[in-house]
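Visitor: Below: one structure in structure tokens.
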Amino acid sequence: MITPANHLVIFAKAPRMGRVKSRLACDVGLLAAWQFYRTNLQNTIFKFSSRPGHAVPWKTYLALTPDAETLPGFFPKIPIIKQGHGNLGKRMGHVMQEMPHGPVIIIGTDIPSISHLHISKAFKILGPSDSVIGPAFDGGYWLIGLKRSPRNQMNATHHIFKDVRWSSRHTLEDTLNNLKKRHMSTAMLEPLEDVDDEASYLRWKDAMRPKDAR
């Protein structure tokens with residue numbers, strides 16, 4: 001029996017100054033926000049994709065927007081797929097539906113503390129559970145995954161992201177309500193912090209400093 005492959009999709013915007021981390025930029029400025037985004041995007045790709053001497057037990061893709069964009073040459077090489085059009089929910093639903101057979105997990109690029117353990121645990125949870133979510137402290141979430149079993153994979157993605165109030169304290173609540181309406185079981189991971197304001201940015205900067213310099 002062939003086991004379906006696990007698919008990890010990193011959702012990202014092309015790392016162009018002034019087009020990423022707009023909320024953070026209001027607090028720390030365009031340059032600092034862009035530098036954070038570029039650094040964490042590069043680290044996320046490097047951490048979760050296979051390369052010589054570093055294999056991961058899932059297939060990793062970068063879903064990049066706008067669709068015609070590419071990454072600068074100094075970024076790690078990774079398969080790039082299109083997000084499609086519409087709001088975040090429509091784009092995530094599109095990717096969930098278009099991926100090859102098997103469980104799919106989507107993560108963003110503003111959660112520096114995501115680890116291999118988190119991803120491995122999320123895929124393991126998608127054995128008994130239809131979906132898995134990693135909540136963020138601001139009411140959103142840093143990870144969402146679907147088992148995409150024959151019972152739910154064809155139609156669920158059109159509904160679980162519908163009418164979600166994105167970038168708000170209601171994002172997680174709305175998504176959970178949609179999953180419940182579809183009678184899909186959901187398991188939760190531990191909450192993590194996304195970097196969206198000055199306070200979280202300063203905590204990230206402090207964590208990046210060498211221990212002997214703190």
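Bear in mind these aren't lab numbers, they're just calculated from the coordinates by the rules spelled out. All figures in this text were calculated on a predicted structure; none of them were measured in a lab. We place every Cβ from the backbone using ideal geometry, glycine too, and count neighbours over all the protein chains shown.
Visitor: Computed over the Cα atoms of region 138-208, what is the ratio Rg over Rh, Rh following Kirkwood?
Guide: Numbers: Rg = 15.0 Å, Rh = 13.9 Å.
Computed over Cα atoms, the ratio is 1.08.
Visitor: Now for a different question. What residues have an amide H closer than 5 Å to that of Ile144, excluding those fewer than 5 places away on the same chain, when H is modeled at 1.01 Å from N in the peptide plane?
Guide: Correct list: Ile106, Gly134.
Visitor: Compute and list, largest first, the equivalent-ellipsoid semi-axes of region 7-213 from the alpha carbon gyration tensor, each √(5λ) rounded to a whole angstrom. Walk me through the intermediate numbers first.
Guide: On the way: eigenvalues 140, 74, 61 Å².
Gyration-tensor ellipsoid for region 7-213: 26, 19, 17 Å.
Visitor: Another question, then. Using the charge dipole of the chain (Lys, Arg: +1 at Cβ; Asp, Glu: -1 at Cβ; taken about the Cα centre), state which of Leu64, Ile78, Thr39 has its Cα farthest towards the positive end.
Guide: Ile78
Visitor: Mind checking which helices in the chain clear 18 Å along their axis (Cα) and have mean Kyte-Doolittle hydropathy of -1.0 or more, DSSP H runs only? Provide the component values of the computation, followed by the final result.
Guide: Numbers: long enough: 30-48 (27 Å, 0.10).
Result, helices passing both filters: 30-48.
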